[in-house]
1. Report, in cubic angstrom per residue, the convex hull volume of the C-alpha atoms of the range 23-98.
2. As a check on your grasp of the helix formula, calculate [θ] at 222 nm for the chain: sum -39500 (n - 2.57) over DSSP H runs of n ≥ 4, divide by the residue count, round to the nearest 500.
3. Mind pulling the angle between the C-alpha long axis of helix 22-35 and the longest principal axis of the chain? Nearest 10 degrees, somewhere in 0 to 90.
4. Given the range 1-142, what percent of its DSSP beta bridges are antiparallel, to the nearest 5?
5. For the range 79-190, rounded, prolate or oblate, judged on the Cα gyration tensor with a ≥ b ≥ c (square roots of eigenvalues), a/c < 1.5 rounded, else prolate if a/b > b/c?
6. Which of 139, 79 comes first, and how do the rest follow, when ranked by fewest Cβ neighbours within 10 Å?
7. By counting other Cβ atoms within 10 Å of each Cβ, how are 172, 146 ranked from fewest to most?
8. I need 9, 148 ordered by Cβ neighbour count within 10 Å, fewest first.
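Since every read-out is calculated from the coordinates, none of them should be taken as a lab result. What you are looking at is a predicted structure, and each value in this text was computed from that prediction instead of being measured. A quick note on method: Cβ atoms are made from the backbone with ideal geometry, for glycine too, and the neighbour counts reach across all protein chains shown.
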């Protein structure tokens, strides 16, 4: 039996697991940065970092942009932080209306009897609204997001449900580390990951399973 079909609790990342939204989010951040007239090289550096560190909160990413890549004066950082975050939030609300749900996920959610949660780097209230609007909220016992760090979100879920038989499904290094830090199993969902080669190496190193489609567990 596949471990997902025998688990007691399943924690899902959102972007790249529930939704095919990773590239949409990278594109959205590019749109925001271009609207603020940053240079092409600055934007490229930001998006490269954003893509390679996907899964962390937007607050983390924007702070790194401001510190390392955008050459913003200290007295202007709060202004640009707010501008970027607000504009990105608007872009995200739109992209989630068009992002495709992972194939066979709905069938898996309906069939699997585990307690299910979402722990995401997406902003929490925005994410909860998206899950509700897309008709997914009844599948999950809780939806949690940033600004709380993912490792802490997972810890909070485990404190309520326990870590025995708990699995985290994710597509990024931050997901894997959240699982390892909290001593639970991890499964790498591969189709939409921005860092596939790195994740495959880590899964081989730590002996984690790789899931290429939810059909693999629906049919078992």
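1. Each residue corresponds to 81 Å³ of Cα convex hull volume.
2. -15500 deg cm²/dmol
3. That works out to roughly 10 degrees.
4. Antiparallel: roughly 10 percent of the beta bridges in the range 1-142.
5. Oblate is the answer for the range 79-190, as a/c is 1.5 or above yet b/c matches or exceeds a/b.
6. The order, fewest Cβ neighbours first, is 79, 139.
7. 146, 172
8. Final ranking by Cβ density, sparse to dense: 148, 9.
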